[in-house]
Each structure stands twice: as structure tokens, then as C-alpha cells.
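Data first, discussion second: the structure below is written as C-alpha cells.
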Amino acid sequence: MTAWTEDELARIGTADELQISPARSGGKPGRATTIWVVPDGDDLYVRAYRGRGGQWFQAATAAHEGRISAGGVTKDVTLAEVDEPALGDRLDAAYRAKYGHYGPDYVDPMVAETARAATLRLLPR
């Protein structure tokens with residue numbers, strides 16, 4: 001499996017927003033959705049604030065692959081679902097630290113159980 005380079009981790013991990021395009025049938029990237037991204041160690045994570053019922057999340061979990069663009073980096077990725085309580089706590093803290101300046105109306109939904117249940121690890125392909 002391919003790993004993120006230090007440059008990619010830094011550029012994507014510090015970007016304010018990420019464009020995610022889950023693959024459609026046939027493997028071509030679908031419609032892009034703007035979301036938030038946080039790093040944890042050598043990995044990058046995204047969440048669907050509307051939870052598992054959100055349109056882009058459903059497309060992402062149907063295909064488990066797509067394309068992202070953030071911080072000047074565009075990359076094809078595998079989208080892996082995660083359900084690790086300790087990781088969820090770390091990601092909550094990362095979302096609060098990175099995006100806290102937007103205020104609780106925006107951050108609280110990203111750390112709620114609905115969004116935690118819709119967490120994906122981005123793995124470069």
C-alpha cells in the first residue's frame with residue numbers, strides 16, 4: 001500500500017477544505033463535495049457531518065475509492081471506513097483544534113456521534 005509523503009500530509013492536512021469525488025460506476029470520479037479534513041499521525045481523515053445518510057458518504061462507501069484535492073494536491077484514494085473509539089476521540093480533538101474558530105454551530109456537528117459514525121480514512125493509491 002502506498003503511503004502519503006510528508007509534503008502531501010502537510011499540504012492536505014493543513015488545507016482548510018478538501019474536495020472529495022467518490023468514484024461512480026466505471027471508476028470515474030463523481031461530483032466533488034467540499035468537506036473538512038484532519039490528520040492523525042501519518043493518516044488523513046474526513047467525516048460526513050450529516051452522517052452515513054449523506055449523499056457523498058453513501059457514494060464513497062459504495063465505491064470505496066475516489067479522488068481528493070486539497071492544498072494543491074490531487075490524488076486518487078481508497079476510502080476506508082473506521083470505527084475505533086480512541087481514534088474517534090483524537091479526531092474530535094483535531095476537528096476542534098483545526099476548525100474551532102468557526103464556532104460551535106459548525107464544529108459540534110463534526111464531533112457528534114452521527115459524524116463520528118461516518119468517518120473515513122483516506123489512503124493514497
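The values are calculated or read from the model by the stated rules, or taken from the named source; none is laboratory data. On a predicted model such as this, the values are computed, not experimentally measured, just so you know. Cβ coordinates were reconstructed from backbone atoms using ideal geometry, including for glycine residues, and neighbour counts include every protein chain displayed.
General remarks:
- Test: residue in the range 86-102 that is crowded, with 18+ Cβ neighbours inside 10 Å, touching a strand residue (DSSP E or B) at 6+ places or on another chain (Cβ under 8 Å) and within 18 Å of Ala32 (Cα to Cα): no
- Residue in the range 12-19 that is on the phi > 0 side of the Ramachandran plot and surrounded by fewer than 19 Cβ atoms within 10 Å (Cβ to Cβ) present: no
- Strands (runs of 3 or more DSSP E) contained entirely in the range 52-125, each with at least 1 residues that are within 13 Å of the chain's Cα centre (by Cα) and more than 16 Å from Arg31 (Cα to Cα): 73-81, 119-124
- Taking the listed residues Arg50, Arg31, the one that is surrounded by fewer than 13 Cβ atoms within 10 Å (Cβ to Cβ) and modelled with pLDDT under 95 is Arg31, with no other qualifying.
- If you check Val46, Val82, Val77 for being free of Cβ contacts under 8 Å to residues at least 40 places away in the same chain, out of contact with any helix residue (DSSP H, G or I) (no Cβ under 6 Å at 6 or more places or on another chain) and closer than 21 Å to Arg125 by Cβ, only one passes: Val82.
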